[in-house]
1. Take residue 832 and tell me if it is more than 19 Å from residue 671 (Cβ to Cβ) and modelled with pLDDT under 90.
2. State the number of residues belonging to the stretch 358-374 that are in contact with a helix residue (DSSP H, G or I) (Cβ under 9 Å, 6 or more places away or on another chain), open to solvent by less than 70 Å² (accessible area, probe 1.4 Å) and outside any loop (DSSP other than H, G, I, E, B).
3. Of all residues in the stretch 165-194, how many are outside any strand (DSSP E or B) and farther than 16 Å from residue 565 by Cα?
4. Any idea which of 521, 541, 509 is closer than 27 Å to residue 710 by Cα and open to solvent by less than 50 Å² (accessible area, probe 1.4 Å)?
5. Please find, among 780, 747, 753, the residue that is of a type outside the set (Ser, Thr, Tyr), open to solvent by less than 80 Å² (accessible area, probe 1.4 Å) and over 17 Å from residue 657 (Cα atoms).
6. Filter the stretch 805-828 down to residues that are aliphatic (A, V, I, L, M) and open to solvent by 30 Å² or more (accessible area, probe 1.4 Å) and give me whichever is nearest to the chain's Cα centre (by Cα).
7. Quick test of your reading of the structure: residue 307 fulfils all but one of (1) surrounded by 21 or more Cβ atoms within 10 Å (Cβ to Cβ); (2) among the small types (Gly, Ala, Ser); (3) at pLDDT below 85; (4) not in a helix (DSSP H, G or I). Name the failing condition by number.
8. Taking the stretch 404-443 as the search range and keeping residues that are more than 15 Å from residue 479 (Cβ to Cβ), assigned to a loop (DSSP other than H, G, I, E, B) and hydroxyl-bearing (Ser, Thr, Tyr), which one is least open to solvent (accessible area, probe 1.4 Å)?
Amino acid sequence: MVMSKKIYNINNFQGLSKKEVARLLLEEGPNELPSQKNQNWFSILLKVLSEPMLILLLVSGSIYFFMGEAKDALMLLSFVFVVVGITFYQERKTEKTLEALRDLSSPRALVIRNGKQKRIAGNEVARGDIVIIHEGDRVPADAVILSSENLFVDESLLTGESMPVRKIEWDGKLQNQRPGGDDLPFVYSGSLVTSGRGIVRVNYIGVKTEIGKIGKSLESIKDEDTLLKKETAKIVRTVAIIGLILCVVVVLAYTFIKGDIVGGFLAGLTLSMAMLPEEFPVVLIIFLTLGAWRISKNKVLTRRSAAIETLGAATVLCTDKTGTLTMNKMELSSLYVNGSFHEFKDNSADDLPDQFKTLLKYGVLASQKDPFDPIEKELNKMGGLHLKNFIKENLDLIKEYPLSEELLALSHAWRSNSTELVIASKGAPEAILNLCHSNKSQRQEVLEQVKEMSDKGLRVLGVAKATSKLKILPSNQHDFDFEFIGLLGFIDPIRETAPEAVKEAYDAGMRVIMITGDYPGTAQFIAQQIGIKDTEKYLTGEDLEKLNDSELREKIRTVNIFARVVPEQKLLIVNALKANNEIVAMTGDGVNDAPALKAAHIGVAMGQRGTDVAREASSLVLLNDDFSSIVVAVRLGRRIYDNLKRSMGYILSVHVPIAGMSILPLFFGMPAMLLPAHIAFLELIIDPACSTVFESEKEDKDIMKRPPRSLNQPMFNFQTVLISLLQGLGVLIATFALFMLVSKSGRSETEARSFVFVALVLANLMLIAINLSWSQNIYRILLSANNILFFVFVGAILCLFIVLYVPFFADLFHLAPLNAKDFLLIVTVVLISLGWFEILKLIKNR
């Protein structure tokens, strides 16, 4: 049977000998990716504990232990173990990614050694091995094709191309090429044989394969701390240094003024407890953990919780086309016969005109009965829907004429009950026209329709038919008298939710970029369908090779379509965007996406269609592969950041009066008003308020209508810090004035302490409420507030009454009961201390 330049004959190959295999494996190692060196627990622990956040938590816990507050100390130290666990998980991510790559790149392989066929493990394949590949096999290594028959290979995991590519035999001259495109005499590790068979010789194994190069690039890409984590660490470090300095000042002042070293040391520790904002790292972890739980209810798995808040700031969404914007499958979309088109709107079994039934029938006859190829699967499915009286199983397949390099068409000869044979052929339209010996006018007419269909993103195949009464069939398809029937148009359909998701991304100020291995025309058509802007501009992989870094950074500002791109170039695109100060989110599902997924600020992998490699390299995984779920993640990311900013502002403001009332009375020669027990009580309000009340607050109505926050915009800008400090300072001045008034009125030290303590508790609750929104007034805030705020309010006031009016707790806290007039005075003072902020809101909203 003629099929190509050589006859497909396994007996022509001897393969490596046992000694040669042993020598090669000893010299070059097994056909697998090397394992990443494991870090031991001690090195990871040292690395984690060197972070300022963790140091602060440890110091705070030690102070609580020193003061006898064991429960609070254990609570803080428990967060140390949580953070250590999270960081250890991150250190393991790269190794897991490489393990997933090894699993994918080491399938079983059928080799010829010493002239005999032998099935071996993929990691035992050596350079120079002769490997037999069939339909459905995973290619075990990068290899050159020595002999083949109708060989098509799906390289989408490496290139992003949605269609299998045609392979040809090696001419003995062509050097190794990158994957992508038809008619290359090379196959690549990890790719999938969709039809035909071949005999190949292994050229590269392990890290030297194309998939191995991806693994090495993943090793070199390090996870970056999010901007929020860096900023929080900086704030914590600054406040901790200030607190330490003030602590030393208090100890020295107390010692020299009062001559009491022990009292000074205790006063300094009390101030440290008041100043140390241990809530910052705790709240950050809780917010992101609860955010991950919240986002998981929307079918998005969070692999790296810190990426949620970064996603809310994303300015660019880079998305792969195949399997992300499209369904990654072939659907029969259009039929063409004699100047007429039939478009399939859905998969319903509507009546099909007879002329189109004939086209579909011969398309099915030119396919395998039980195919692996996605196009042939689609043809058989559509034949079952629309050709009710046609039963392929009643026919006998007499002979197959495979594709060859000279003729890109295949034919099947079938025998029915009659003596006449039916021959069906399908393939490239030009090849089918050649088989039919079409005249110039017919060729021109058909090729014009082919161009029109291709411009719509369709993969076009021609179909022809012939009959024969010959008993001995010819060896060449050209010997039949073929009649041209028509054209089949296949499309990789877009996801129904993609256009709306793209629109919402634009509304949220995000730019959408498509990066694909497909051809520019297909990419542009899909981009137009889903609503990507500026589709007339595009860059190809070949264009990228000619651009230096600065040129690429300039071009990428306006280009939203990148076609015929290989994995290394996807990484270049992401890095160029990052160099332009963009916050980059990258979606994808294949091995080819893994380096870019890992390098992007936020990698978003597909859960159902995605590979293990992509999922391991990503920050978020869309469990339902729904592109629109990304919009939900963006919304939640922005909500988390907004609420986190309000929470951090509240923490800053509430620590001002607590720290101030810990130190001011001492400098006026008065007894200390706040003891460690009082501060611990206040912390019982601060911690749940930060981690639950603020986290549960709903997002602003315009959250998806405003642009992403600037990359250089800190959470604590001048305005935020100023307002928070003024809030805290207002409460401090009012509380200290109340303390001076009560002290001079002849009330006892215990009663004065009660006034101060109650004022700080109520002011604390007031600060929570007014900071839930910097635009709405307090009345609207309380009406629309979440239920957790109510529970915090009720719980705090109930506990306050217990420590005031239950003798045991009153003695423990050194407090005295207060009457109704006292409470009225305290409430008035608190309202005055924060009333200015409500007036500011009113002026701002006019």
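The values are calculated or read from the model by the stated rules, or taken from the named source; none is laboratory data. Source: prediction; values computed, not measured. Ideal geometry is used to build each Cβ from the backbone, glycine not excepted, and the neighbour counts take in all protein chains shown. To get the accessible areas, we keep the full protein, side chains included, count just its heavy atoms, and leave off ligands, DNA and RNA. Shrake-Rupley method; radii C 1.70, N 1.55, O 1.52, S 1.80 Å.
1. Details: more than 19 Å from residue 671 (Cβ to Cβ): yes; modelled with pLDDT under 90: no.
When the stated conditions are applied, residue 832 does not pass them.
2. Number of matching residues: 4.
3. 15
4. Of the residues listed, the single one that is closer than 27 Å to residue 710 by Cα and open to solvent by less than 50 Å² (accessible area, probe 1.4 Å) is 509.
5. Sole residue among the options that is of a type outside the set (Ser, Thr, Tyr), open to solvent by less than 80 Å² (accessible area, probe 1.4 Å) and over 17 Å from residue 657 (Cα atoms): 747.
6. 827
7. (4)
8. Here the residue is 438.
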